[in-house]
Amino acid sequence: MSERVERPWALMRHHAGWADVFHIESESADSITGFYPDRETVGPPVSYSVRAVLARFPTLEAARAAREGAVAEWRKHDAGVRDAEAKLRDAEKAREDAWLKCLHEAARAS
């Protein structure tokens, strides 16, 4: 048995900072097929490229625990991200102000 077969639970990127638990039912060299057990309605199996898998785990519990640990790690950086975003907004405002000033000065000079 390959490691992939032994680790049928995967975390799939949902959006930045969050991953969904996915059960891999089958796979080929380049794709996986399965379902999301935590969704309200489990529809027909879906397929993705194997590149969509962030990490694999042997059990559902291990996948959920890893996801929760990763979310906690993500949250540790929230304040730094907010500070960086505020600095970026300030820098963009300064750039915009300088651009407008340059245009207005050029209009006055001509």
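The values are calculated or read from the model by the stated rules, or taken from the named source; none is laboratory data. Bear in mind the structure is a predicted one, so any value in this text is a computation, not a measurement. Reconstructed Cβ throughout: ideal geometry from the backbone, glycine too, with neighbour counts over all protein chains shown. For accessibility, only protein heavy atoms count, side chains too; no ligands or nucleic acids. Shrake-Rupley method; radii C 1.70, N 1.55, O 1.52, S 1.80 Å.
Before moving on, here are some points about what is shown:
- Checking segment 95-107 against the condition returns no match, with no residue being under 21 Å from residue 11 (Cβ atoms), assigned to a helix (DSSP H, G or I) and open to solvent by 80 Å² or more (accessible area, probe 1.4 Å).
- Close pairs from segment 74-99: first within 18 Å of residue 18 (Cα to Cα), partner open to solvent by less than 60 Å² (accessible area, probe 1.4 Å) and not hydroxyl-bearing (Ser, Thr, Tyr), Cβ under 6 Å, at least 6 apart: 74/17
- Odd one out for residue 39 among (1) part of a loop (DSSP other than H, G, I, E, B); (2) of a type outside the set (Val, Ile, Thr); (3) surrounded by fewer than 10 Cβ atoms within 10 Å (Cβ to Cβ): (3)
- Residues in segment 13-36 that are farther than 29 Å from residue 77 by Cβ and either out of contact with any helix residue (DSSP H, G or I) (no Cβ under 9 Å at 6 or more places or on another chain) or loosely packed, with under 12 Cβ neighbours inside 10 Å (or both): 25, 26, 28, 29, 30, 33, 34, 35.
- Qualifying residue in segment 8-20 (condition: in a strand (DSSP E or B), of a type in the set (Lys, Arg) and modelled with pLDDT under 95): yes
- Taken together, 58, 45 contain a single residue that is in contact with a Lys or Arg (Cβ under 7 Å, 6 or more places away or on another chain), exposed (fewer than 14 other Cβ atoms within 10 Å of the Cβ) and of a type outside the set (D, E, K, R), which is 58.
- Some residue of segment 50-58 being touching an Asp or Glu at 6+ places or on another chain (Cβ under 8 Å), in a helix (DSSP H, G or I), at negative phi and at pLDDT below 95: yes
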